[in-house]
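Structure, as structure tokens:
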Amino acid sequence: MSDHSFEDAIVRRIRAMEARVAGVRQADMYFYNRAVTELRGGARVLVDGREMGMYASYSYLGLLGHPRIQAAAQAAVEQYGTGTHGVRTLAGSLKLHEELEETIAAFKGAEAAVTYSSGYVTNLTAISTLCGRGDYVISDKLNHASIVDGCLMSCAKFLRFEHNDMNSLEACLKEAQAGTARLVVADAVFSMDGDVINLPAVVELCRRYHAWLMIDEAHSVGVLGKTGRGIEEHFGMPGVVDVKMGTLSKTIPSVGGYVAGSKPLIDLLRHASRAYLFSAALPPAQAGAAKAAFEVILDEPWRIEKLNVNAQQFIRGLQQRGFETLQTETAIVPVICGSDESAYTMTRFAQRRDVFVLPVVSPAVAPGLARLRATVTAAHEAPEIEQAMDVILEARLERDRVMPGG
Ligand SMILES: *Cc1c(COP(=O)(O)O)cnc(C)c1O
């Protein structure tokens with residue numbers, strides 16, 4: 001750290017983080033930022049020279065490394081190079097961006113779509129473009145950090161309802177009747193718990209209280225619905241979500257984010273959202289890969305079926321081994337450990353046996369609900385999932401030995 005003659009709050013923050021990270025490293029409990037050196041099919045990876053089963057990936061359909069998607073990325077580089085000429089509004093727009101946005105709109109059953117350079121930025125810019133002072137944004141308590149940040153950035157009045165609790169949502173909507181507009185925002189699949197938003201009830205409330213509905217489909221595209229189109233398909237309710245947000249960096253093995261919706265809504269975002277106006281366009285390789293990935297999802301529906309079979313095996317298998325997995329219905333399976341230390345200890349034991357899982361601790365989740373946030377994908381095979389669950393069970397038994405009382 002640079003030498004300061006003064007000690008202010010910034011210096012104290014830097015020192016506090018230094019001390020915390022050093023302590024965790026000393027205890028051999030630091031699992032973050034580890035570099036994968038080789039992708040071995042996606043369900044397996046090489047880390048520090050060791051092959052590990054990957055149970056922390058967001059590549060739900062196993063599309064990372066898919067030959068057709070790789071080829072599309074390479075073709076885009078050949079045609080357009082590695083970058084863009086700047087922001088979309090000025091010189092940065094490519095025919096490929098238009099094709100990608102048309103592909104997304106068709107996939108989501110929407111009139112139009114707009115893309116941004118990350119999902120995080122998409123939430124920030126979309127929410128803060130749609131809402132401002134005098135409005136209300138109403139957010140599920142377990143929504144992703146990018147939604148929270150977008151709500152705060154909008155300067156609208158920010159209300160939070162209890163997780164997936166419709167009475168609590170209705171109370172917020174009543175309070176928000178005073179506002180000039182109301183936007184309700186929720187994850188489709190909650191990123192830490194793997195459960196699904198009660199869309200029919202949310203839609204009914206939004207209609208009754210004249211609120212807009214925005215759903216973040218980061219973990220539901222390619223996961224929910226028979227053809228992987230997400231939350232509306234899952235509930236058989238086409239067109240009920242006004243602002244259909246998603247990322248291009250999870251199931252879609254690229255990077256970026258999008259909003260799909262009505263043409264006038266997308267036109268507004270294209271002309272008023274600051275991340276579109278002031279941040280560079282998606283690079284060609286990423287746009288090409290994303291476009292091909294949506295096509296592959298539709299052409300290879302077996303992946304969605306296999307993901308669901310694998311997720312059911314994983315959820316049931318962990319429950320049979322005595323683990324608490326909350327309300328998950330998807331490939332995101334919270335394996336509740338209790339204290340942060342307990343989650344760290346179980347992670348260490350699992351990783352020593354070459355099962356790559358990661359701990360999620362407070363403040364990302366409530367204290368006492370620290371967990372392994374484990375995921376399976378369509379790239380996993382039944383026997384390896386079984387074996388990974390046995391390792392997770394052994395990790396718990398070892399934790400019980402070193403931390404009696406957990
Ligand atoms: C990952 C995630 C994002 C951010 O997407 P990126 O493309 O990684 O920036 C937004 N919302 C949810 C729910 C997420 O899980």
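The values are calculated or read from the model by the stated rules, or taken from the named source; none is laboratory data. All values reported here derive from a predicted model rather than from experimental measurement. Here the Cβ is made from the backbone with ideal geometry for all residues, glycine too, and neighbour counts use every protein chain on show.
When restricted to residues that are within 18 Å of the chain's Cα centre (by Cα) and outside any loop (DSSP other than H, G, I, E, B), the range 33-65 contains 1.
Considering the range 170-182 alone, what residues qualify as being touching a residue at least 40 places away in the same chain (Cβ under 8 Å), buried (at least 17 other Cβ atoms within 10 Å of the Cβ) and not in a strand (DSSP E or B)? Scanning the range 170-182 gives Ala176, Gly179.
Of all residues assigned to the range 118-140, at least one qualifies as being more than 16 Å from the ligand (Cβ to nearest atom), under 26 Å from Trp212 (Cβ atoms), touching a Gly at 6+ places or on another chain (Cβ under 8 Å) and among the small types (Gly, Ala, Ser). Looking only at the range 155-162, decide whether some residue is outside any helix (DSSP H, G or I), within 14 Å of the ligand (Cβ to nearest atom) and modelled with pLDDT of 95 or more. Scanning the range 155-162 turns up no residue that is outside any helix (DSSP H, G or I), within 14 Å of the ligand (Cβ to nearest atom) and modelled with pLDDT of 95 or more. Here Thr89 meets each of (1) away from the ligand (no atom under 16 Å from the Cβ); (2) without any contact (Cβ under 8 Å) to a residue 12 or more places away in the chain with one exception, condition (2). Restricting attention to the range 219-236, does a residue exist that is crowded, with 23+ Cβ neighbours inside 10 Å, more than 13 Å from the ligand (Cβ to nearest atom), at pLDDT 95 or above and closer than 22 Å to Leu169 by Cα? The answer is yes; a qualifying residue exists.
For the range 137-158, the tally of residues that are more than 19 Å from the chain's Cα centre (by Cα) and buried (at least 24 other Cβ atoms within 10 Å of the Cβ) stands at 3.
Residues that are among the β-branched types (Val, Ile, Thr) and touching a Cys at 6+ places or on another chain (Cβ under 7 Å): does the range 131-152 have at least one? Taking every residue of the range 131-152 in turn, at least one turns out to be among the β-branched types (Val, Ile, Thr) and touching a Cys at 6+ places or on another chain (Cβ under 7 Å).
Checking Val243, Val185 one by one, the residue that is surrounded by fewer than 24 Cβ atoms within 10 Å (Cβ to Cβ) and in contact (Cβ under 8 Å) with a residue 40 or more places away in the chain is Val243 and no other. All told, Ala311 falls short of being of a type outside the set (Ser, Thr, Tyr) and farther than 30 Å from Asp390 by Cβ. Between Asn198, Asn167, which is more than 16 Å from the ligand (Cβ to nearest atom) and either among the charged types (D, E, K, R) or free of Cβ contacts under 8 Å to residues at least 24 places away in the same chain (or both)? Unique residue meeting the criteria: Asn167. Pairs meeting the criteria (first residue in the range 40-57 and basic (Lys, Arg) and at pLDDT below 90, second residue part of a strand (DSSP E or B) and surrounded by fewer than 16 Cβ atoms within 10 Å (Cβ to Cβ), beta carbons under 9 Å, at least 6 apart or on different chains) are Arg40/Leu46; Arg40/Glu51.
Taken as a whole, the condition of being in contact with a helix residue (DSSP H, G or I) (Cβ under 8 Å, 6 or more places away or on another chain), hydroxyl-bearing (Ser, Thr, Tyr) and within 20 Å of Arg373 (Cβ to Cβ) applies to Tyr60. Just one of (1) in contact (Cβ under 8 Å) with a residue 60 or more places away in the chain; (2) among the acidic types (Asp, Glu); (3) surrounded by fewer than 20 Cβ atoms within 10 Å (Cβ to Cβ) trips up Glu101, so point out which. Status for Glu101: all satisfied but (3).
The rows are residues; the columns are (1) at pLDDT 95 or above; (2) under 26 Å from Val221 (Cβ atoms); (3) part of a loop (DSSP other than H, G, I, E, B).
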| residue | (1), (2), (3) |
| --- | --- |
| Ala311 | yes, yes, no |
| Arg316 | yes, yes, no |
| Gln319 | yes, no, no |
| Leu326 | yes, yes, yes |
| Thr330 | yes, yes, yes |
| Glu341 | no, no, no |
| Ala350 | yes, no, no |
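Can you say whether Thr129 is under 25 Å from Glu232 (Cα atoms) and within 17 Å of the chain's Cα centre (by Cα), as far as the supplied structure shows? Taking the combined requirement at face value, the residue does not satisfy it. In the range 237-266, the qualifying residues are those that are hydroxyl-bearing (Ser, Thr, Tyr) and assigned to a loop (DSSP other than H, G, I, E, B), and the one that is farthest from the ligand (Cβ to nearest atom) is Ser262. Of the residues making up the range 73-94, those that are under 27 Å from the mean Cα position of the chain (by Cα), assigned to a helix (DSSP H, G or I) and closer than 29 Å to Ile215 by Cα number 3. If you go through the range 20-36 and keep only what is loosely packed, with under 10 Cβ neighbours inside 10 Å and either polar (S, T, N, Q) or more than 27 Å from Gly53 (Cα to Cα) (or both), you end up with Gln26, Asn33.
This table checks each residue for (1) in contact with a Ser or Thr (Cβ under 6 Å, 6 or more places away or on another chain); (2) modelled with pLDDT under 95; (3) part of a loop (DSSP other than H, G, I, E, B).
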| position | (1), (2), (3) |
| --- | --- |
| Leu96 | no, no, no |
| Ala110 | no, no, yes |
| Tyr120 | yes, no, no |
| Ile127 | yes, no, no |
| Ile138 | no, no, no |
